[in-house]
Amino acid sequence: MSQIDWSHVKNLVLLSGAGISAASGIATFRGSGGLWENHRIEDVATPEAFNQDPQLVWRFYSMRRLQAGHAKPNEAHKALDAFAEKFNGEITLITQNVDGLHRRAQKKSHLDAICMHGTLEKSRCTHCHEIYLDDMAWLPSEGMPRQTGLLRTDEQANSDALSNYKIKLSDGLPLSPCCQELLRPHIVWFGEEPLFMPKIFASLERCDLFASIGTSGVVYPAAAFLEIAKSHGAETVLFNVESLPQQEHVDLYIQGPAEETVPQQFSL
Ligand code: OAD
């Protein structure tokens, strides 16, 4: 297997997908056993679904909060954090994942992931869009909401944390402290615009190496990032366990589980 030559890389952009968290026990979306095999997207991951049945949508995301809260960052998340600490250039980490595992792998690196599809440990007001830190599982049929472990104790003490407010409920679901309207998960649903796109496009235009890790590359706009970076002159690297059509178009294709290949490649 070839090794990435880091000596000439000054500006690195990384895109991660569900495959990087597979070894942490978080289900990917597609393929057998994937999240979208067991749930219809239109029932749980669209604004219309939330308007129609907020209880069902909150149940789906509460279960995902509980699952992610139990998971731990794996060797791939840790290797990227350790690499960022030593790398003598600019790194932009874009993730499609909402599990917070890049954040929880952070030690000293300050490698803040750009969470383009939102993140599980935040909720926002459906009226004014104010965002709160919130890692509660909102499961009205199971009594009181409970913490899921997504946020550390010091993060819960943050003034944005929902737990610092006296929360009113409507049918067991949380109302926003700002407007007293329903809170929704801070997740980008189908039909909604991904977050931070101007910042992401600017990073793609100036990077000299673009690496995509553990994503099937079928959901746009993320699926176009590799081509955009390449069209601006970046070298491209693809990490995946399975063969993908995009592998024909990259400079380096690294096949294998990310929890093994990422620590091997991201070492200085
Ligand atoms: P997918 O489930 O579509 O793809 C996961 C990819 O990870 C597949 O290509 C797998 O082969 C690969 N994979 C699995 N295990 C791996 C491992 N251990 N190491 C490396 N690769 C591995 O997930 P995403 O591409 O992240 O969006 O999906 C993109 C978006 O579609 C998600 O962010 C989500 C979903 O619908 C929204 O919910 C908006």
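Laboratory data are not the source of any read-out in this text; all were calculated from the coordinates shown. Every value quoted in this text rests on a predicted model; they were computed, and no experiment measured them. Methodologically, a virtual Cβ is constructed for each residue, glycine included, from the backbone with ideal geometry; neighbour enumeration extends over all protein chains shown.
What full-extension length gain, to one decimal in nm, is calculated for Lys10 and Gln55 as 0.36 nm per residue of separation minus the Cα-Cα distance? Difference between extended and current length: 11.5 nm. On C-alpha positions alone, give me the angle between the axis of helix 197-206 and the longest principal axis of the chain, in degrees, nearest 10. Relative to the chain, helix 197-206 is tipped by roughly 10 degrees.
Which of rounded, prolate or oblate describes the chain when judged by the alpha-carbon gyration tensor and an a/c cut-off of 1.5? Prolate. What separates the Cα centres of region 15-38 and region 63-87 is a distance of 15 Å.
Each pair of Cα atoms in region 204-268 enters the Kirkwood radius, and Stokes-Einstein at 25 °C and 0.890 mPa s then converts it into a translational diffusion coefficient of 204 µm²/s. Fewest-first ordering of Cys125, Cys179 by other beta carbons within 10 Å of each residue's beta carbon gives Cys179, Cys125. The charge dipole of region 79-125, taken about the Cα centre with unit charges on the Cβ atoms of Lys, Arg (+1) and Asp, Glu (-1), comes to about 140 debye, rounded to the nearest 20.
About the centre of its Cα atoms, region 35-172 shows a dipole size close to 420 debye [charges on the beta carbon of Lys, Arg (+1) and Asp, Glu (-1) only; nearest 20 debye].
Taking 0.36 nm per residue of sequence separation and removing the Cα-Cα distance, the His39/Gln180 pair yields an extension gain of 47.8 nm. Computed about its Cα centre, the charge dipole of the chain is approximately 640 debye, with only Lys, Arg, Asp and Glu carrying charge at their Cβ. Remark: relative contact order (the chain) = 24 percent; criterion is Cα-Cα distance under 8 angstrom and separation of 6 or more residues.
Listed values for region 146-162 are Karplus-derived 3J(HN,Hα) couplings in whole Hz (6.51 cos²θ - 1.76 cosθ + 1.60, θ = phi - 60°), namely 10, 6, 10, x, 6, 9, 6, 4, 5, 6, 5, 7, 4, 5, 7, 6, 4, and x replaces Gly and Pro. Our summary gives region 1-126 a relative contact order of 28 percent, counting only alpha carbon pairs under 8 angstrom and 6 or more residues apart. Farthest towards the positive end of the charge dipole of the chain, among the residues Leu226, Phe83, Gln147, is the Cα of Gln147, using unit charges on the Cβ of Lys, Arg, Asp and Glu. Given a cut-off of 29 Å, name the pairs among Lys10/Lys199; Lys107/Lys230; Lys72/Lys168; Lys78/Lys199 whose C-alpha atoms lie farther apart than that in the structure shown. Those over the limit are Lys107/Lys230; Lys72/Lys168. Residues Thr46, Thr148, ranked from the fewest to the most other C-beta atoms within 10 Å, line up as Thr46, Thr148.
The ranking of Asp134, Asp160 by Cβ neighbour count inside 10 Å, starting from the fewest, reads Asp160, Asp134.
Between Trp6, Gly214, Leu175, the Cα set farthest toward the positive side of the dipole of the chain (charges on each charged residue's Cβ, about the Cα centre) is that of Leu175.
For region 104-168 versus region 194-254, the inter-centroid distance based on Cα atoms is 29 Å. For region 75-142, the mean projected area of the C-alpha convex hull, equal to one quarter of the hull surface, is 6.4 nm².
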